[in-house]
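Written below as structure tokens is the structure these notes are about.
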Amino acid sequence: AMAPVIAIDGPGGAGKGTISRRIAETLGWHLLDSGAIYRLAALDCERRQLPIDDEALVAHAASELEIDFIPVDGGTRILLGGDDVSQAIRNEAIGAIASRIAAYPVVRSALLERQRDFAKAPGLVADGRDMGTVVFPDASLKIFLTASADERARRRHRQLQEAGIHASLPDLLEEIKARDDRDMNRSSSPLVAAEDAVTLDTTELSIEDVITRITALISKRH
Ligand code: C5P
């Protein structure tokens, strides 16, 4: 049987990254940051100067991606072809390319098995857009995390500031709305809560509040 999976889906900036990492640490489980995989595919396209409207070419490159996730103190080092690109993939321009190529069904299927390979004992916390609907439909717990677009833009802004990256708040809000629109309206694996997901609106909740609620759900299910 496959290792147990907790799927945490939702739009960008809802706090999935931080919350998924904290839950994985608490449980001692593996972590899948599936957005990072799409970002790695995007960065790879940029480095190879591939025309990103060529679906077949982008999917072929995605199927050959050489990536590594190395757990380090308080985070993960992310490698592309041996280079540390942990910072480079967080760039907003790379996020925008990621969301464009993530709309291609051939790209999604090229990356499917790679994501499923993360499900190993003792368990996996999977963070993304379609973890509960497509990649791990049998997940033992599915959470759909949301927050208003304004709040998500503010959080992203703070996060970037803390990383020493300058960004304008109105630009971030525009980008978040454009990304939501692409992620929700694509025909292949659109961003939608699984039927059996528990939806948590985090607009008014702190990270600690959200973790407390998810931990309570976990102890009920496991
Ligand atoms: O979550 P993050 O912002 O890192 O994801 C980057 C982009 O990758 C998203 O905007 C989305 O288009 C895509 N993505 C996806 N499916 C996932 C995770 C991310 O389509 N499971």
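The values are calculated or read from the model by the stated rules, or taken from the named source; none is laboratory data. None of these values were measured; they are calculated from a predicted model. Here the Cβ positions follow ideal geometry from the backbone for every residue, glycine too, while neighbour counts run over all protein chains shown. Side chains included, ligands, DNA and RNA excluded: accessible areas come from the protein's heavy atoms. Shrake-Rupley method; radii C 1.70, N 1.55, O 1.52, S 1.80 Å.
Inspect all residues belonging to segment 208-219 and state whether any of them is over 15 Å from the mean Cα position of the chain (by Cα), surrounded by 20 or more Cβ atoms within 10 Å (Cβ to Cβ) and under 22 Å from Ile97 (Cα atoms). No, segment 208-219 contains no residue that is over 15 Å from the mean Cα position of the chain (by Cα), surrounded by 20 or more Cβ atoms within 10 Å (Cβ to Cβ) and under 22 Å from Ile97 (Cα atoms). Can you name the number of the only condition in (1) over 17 Å from Gly95 (Cα atoms); (2) more than 14 Å from the ligand (Cβ to nearest atom); (3) modelled with pLDDT of 95 or more that Val72 fails? Result: Val72 passes all but (3). Put simply, of Glu55, Glu46, Glu64, Glu113 the only residue that is more than 25 Å from Ala163 (Cβ to Cβ) and touching a helix residue (DSSP H, G or I) at 6+ places or on another chain (Cβ under 7 Å) is Glu55. Every listed requirement among (1) open to solvent by less than 30 Å² (accessible area, probe 1.4 Å); (2) within 12 Å of the ligand (Cβ to nearest atom); (3) part of a helix (DSSP H, G or I); (4) in contact with an Asp or Glu (Cβ under 8 Å, 6 or more places away or on another chain) is met by Tyr38 save one, (4).
Residue-by-condition table, conditions (1) open to solvent by 50 Å² or more (accessible area, probe 1.4 Å); (2) in contact with a strand residue (DSSP E or B) (Cβ under 7 Å, 6 or more places away or on another chain); (3) within 13 Å of the ligand (Cβ to nearest atom):
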site: Ile143; (1), (2), (3): no, yes, no
site: Ile176; (1), (2), (3): no, no, yes
site: Glu195; (1), (2), (3): yes, no, no
site: Glu204; (1), (2), (3): yes, no, no
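Of all residues in segment 26-33, none satisfies being crowded, with 19+ Cβ neighbours inside 10 Å, within 16 Å of the ligand (Cβ to nearest atom), among the acidic types (Asp, Glu) and over 15 Å from the mean Cα position of the chain (by Cα). Scanning segment 53-108 for residues that are surrounded by 16 or more Cβ atoms within 10 Å (Cβ to Cβ) and in a loop (DSSP other than H, G, I, E, B) gives Leu65, Val85, Ser86, Asn91, Ala102, Ala103, Tyr104.
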